[in-house]
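The values are calculated or read from the model by the stated rules, or taken from the named source; none is laboratory data. Only a predicted model underlies this, so the values are computations on that prediction, with no experimental measurement involved. Backbone-built Cβ (ideal geometry, glycine too); neighbour counts: all protein chains shown.
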Amino acid sequence: MASQKKVLPIIVIAQFCCTSLWFAGNAVMNELVADFNLPSTALGHLTSAVQFGFITGTLIFALLTIADRFPPSRVFFGAAFFGALFNVGTILSGNTLFSLLALRFATGFFLAGIYPVGMKIAADYFEKGLGKSLGFLVGALVIGTALPHLLKEFTKAFPWSYVLIFTSSLALIGGLLMFFLVPNGPFRKASQALDLSASFRVFRVPAFRSAAFGYFGHMWELYAFWAFVPVMLNTYSGTHAGVLFNVPILSFFIIGLGGLACFASGYLSAFRSTKGIAQLSLLLSGICCLLSPIFFIQSSAIIFIGFLIVWGMVVIADSPLFSTLVAQNADAEIKGTALTIVTCIGFAITIVSIQLLGFLIERMDPQYVYIFLVIGPILGLIALFQQK
């Protein structure tokens with residue numbers, strides 16, 4: 001049996017490699033729009049296609065209790081292989097908006113076998129210190145999500161297709177690492193039969209409901225913020241003469257530094273209340289939503305970037321903590337299903353918030369649009385405080 005110390009770095013690296021698929025399309029969005037003659041609304045639609053694919057995948061995985069009935073490392077590998085395949089399909093010259101939406105949907109579908117299944121694998125290895133291990137795991141997801149923006153900058157002398165090829169190659173490597181080097185964990189309890197009610201039964205536990213609804217509020221804000229970071233940067237530079245941002249590099253750092261916040265919050269959860277740290281993070285990110293118009297107006301680009309970095313850290317710091325609370329309040333036999341169904345609902349919520357921002361940004365002053373993200377933190381905090 002592989003030791004915890006050896007397995008955690010492998011899980012973290014595999015998660016990092018595979019989640020680079022997530023925003024690969026966003027990193028080359030301008031090139032996709034130009035080469036395939038896409039409408040200006042493609043950003044919201046293609047981002048939401050990935051989210052909708054992920055939601056569909058997690059719903060099917062949860063209903064069929066796949067992560068609990070089958071060896072999770074094999075599920076992870078299969079999902080990484082097909083996710084990489086559909087991701088690289090984006091570079092085909094005959095693509096249309098419909099085919100690109102279908103390819104991003106399929107990529108999102110197979111990400112359902114990567115993100116929540118990776119957390120399930122970690123939970124199978126770490127009964128104690130789960131918050132710390134999930135802090136590293138979600139931190140890897142954050143950096144992997146931000147990676148395409150950095151790749152875009154480093155490969156600007158090459159065709160944009162290199163970003164898609166590289167992220168697909170990384171995903172395949174991550175899947176192989178998990179398949180060959182991570183056996184079933186010592187705390188895994190396999191579900192022996194198909195249980196279609198498991199996804200609904202978990203919500204009967206009050207502590208589970210509280211953690212889940214806190215997570216849902218967090219998700220309303222998180223992916224909308226990530227998707228619109230480049231838009232925020234362009235909005236600011238467009239309204240302040242002489243300000244010119246390197247959008248790919250800044251997007252990488254604003255999103256990627258959130259990984260450090262996950263590492264920190266996971267580490268702190270070993271010494272402080274996991275729920276209390278999650279509440280604080282949710283409160284701070286909600287405050288950032290409310291203050292955002294002020295930072296768009298002020299004239300210092302450095303202050304604006306500093307604000308986005310802080311927001312990018314507090315908006316994600318609670319993510320591993322919510323996953324920890326969800327896992328700790330679910331039965332061992334359906335822990336994978338519990339993580340998957342909560343993730344499914346959370347990502348369904350992201351589609352609504354992303355589409356709402358896309359709708360509002362065309363109809364009102366963009367600097368005020370991000371106030372609406374505070375809805376999530378408010379409702380999430382209410383859910384957390386209702387459960388003592």
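State all residues of segment 133-185 that are among the polar types (S, T, N, Q), within 29 Å of Asn246 (Cβ to Cβ) and in contact with a Pro (Cβ under 9 Å, 6 or more places away or on another chain); if no residue qualifies, say none. Break it down into steps so the answer makes sense when it comes.
If we filter segment 133-185 for residues that are among the polar types (S, T, N, Q), which is where we start, we get 133, 145, 155, 161, 167-169, 184.
Filter once more, so that each one left must be within 29 Å of Asn246 (Cβ to Cβ): 145, 155, 161, 167-169.
Residue satisfying the conditions is Thr167 alone.
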Reported set for segment 38-80 where residues are of a type in the set (S, T, N, Q) and under 30 Å from Phe180 (Cα atoms) is Gln51, Thr56, Thr58, Thr65, Ser73
For segment 54-119, give me every one of the helices (runs of 4 or more DSSP H) that falls completely inside it and has 2 or more residues that are surrounded by fewer than 24 Cβ atoms within 10 Å (Cβ to Cβ) and at pLDDT 90 or above.
72-88, 97-111
Just to be sure I understand the filter: pairs with C-beta atoms under 7 Å, separated by 6 or more residues or on different chains, first member in segment 265-286 and free of Cβ contacts under 8 Å to residues at least 40 places away in the same chain, second member not hydrophobic (A, V, I, L, M, F, W, C). Which pairs pass?
none
Lone qualifier among Leu308, Leu250, Leu290 - being out of contact with any Lys or Arg (no Cβ under 8 Å at 6 or more places or on another chain), under 20 Å from Pro366 (Cβ atoms) and surrounded by fewer than 16 Cβ atoms within 10 Å (Cβ to Cβ)
Leu290
Could you check, for segment 304-319, whether at least one of its residues is under 29 Å from Leu64 (Cα atoms) and not hydrophobic (A, V, I, L, M, F, W, C)?
yes
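If we scan segment 354-373, do we find a residue that is buried (at least 16 other Cβ atoms within 10 Å of the Cβ) and among the polar types (S, T, N, Q)?
Yes, there is a match, as at least one residue in segment 354-373 is buried (at least 16 other Cβ atoms within 10 Å of the Cβ) and among the polar types (S, T, N, Q).
Hey, among Val33, Val28, which residue is over 17 Å from the mean Cα position of the chain (by Cα), β-branched (Val, Ile, Thr), modelled with pLDDT of 80 or more and surrounded by fewer than 18 Cβ atoms within 10 Å (Cβ to Cβ)? Step through it out loud before you land on a result.
Numbers: Val28 fails: surrounded by fewer than 18 Cβ atoms within 10 Å (Cβ to Cβ).
Every option except Val33 fails the conditions.
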Given the options Ala227, Ala270, name the one that is over 25 Å from Trp22 (Cα atoms), among the small types (Gly, Ala, Ser) and out of contact with any strand residue (DSSP E or B) (no Cβ under 7 Å at 6 or more places or on another chain).
Ala270
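Does at least one position in segment 286-295 carry a residue that is within 27 Å of Lys120 (Cα to Cα), assigned to a helix (DSSP H, G or I) and not charged (D, E, K, R)?
The answer is no; no qualifying residue exists.
Please pick out the residue among Ser237, Ser251 that is outside any loop (DSSP other than H, G, I, E, B) and under 20 Å from the mean Cα position of the chain (by Cα).
On the way: Ser237 fails: under 20 Å from the mean Cα position of the chain (by Cα).
Result: Ser251 is the single residue among Ser237, Ser251 that is outside any loop (DSSP other than H, G, I, E, B) and under 20 Å from the mean Cα position of the chain (by Cα).
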Cβ-Cβ distance below 8 Å, separation of 6 or more or different chains: which pairs start in segment 103-127 with a residue that is under 13 Å from Lys335 (Cα atoms) and end on one that is among the acidic types (Asp, Glu) and surrounded by 24 or more Cβ atoms within 10 Å (Cβ to Cβ)?
Lys120/Asp68
Determine the pairs where a residue that is closer than 18 Å to Ala80 by Cα and small (Gly, Ala, Ser), located within segment 1-15, has a partner that is at pLDDT 85 or above and assigned to a loop (DSSP other than H, G, I, E, B) with Cβ atoms under 7 Å apart, the partner being 6 or more residues away or on another chain.
none
Let me confirm something: among Thr56, Thr96, Thr155, which residue is under 30 Å from Thr274 (Cα atoms) and either of a type in the set (S, T, N, Q) or touching a Leu at 6+ places or on another chain (Cβ under 7 Å) (or both)?
Thr56
Which numbered condition in (1) of a type outside the set (S, T, N, Q); (2) modelled with pLDDT of 85 or more; (3) closer than 26 Å to Leu260 by Cβ is the only one that Lys128 fails?
(2)
Considering only residues of segment 152-164 that are surrounded by 19 or more Cβ atoms within 10 Å (Cβ to Cβ) and assigned to a helix (DSSP H, G or I), which is modelled with the lowest pLDDT?
Lys152
Note on Tyr223: of the conditions (1) surrounded by 16 or more Cβ atoms within 10 Å (Cβ to Cβ); (2) modelled with pLDDT of 90 or more; (3) under 25 Å from the mean Cα position of the chain (by Cα), unmet is (2)
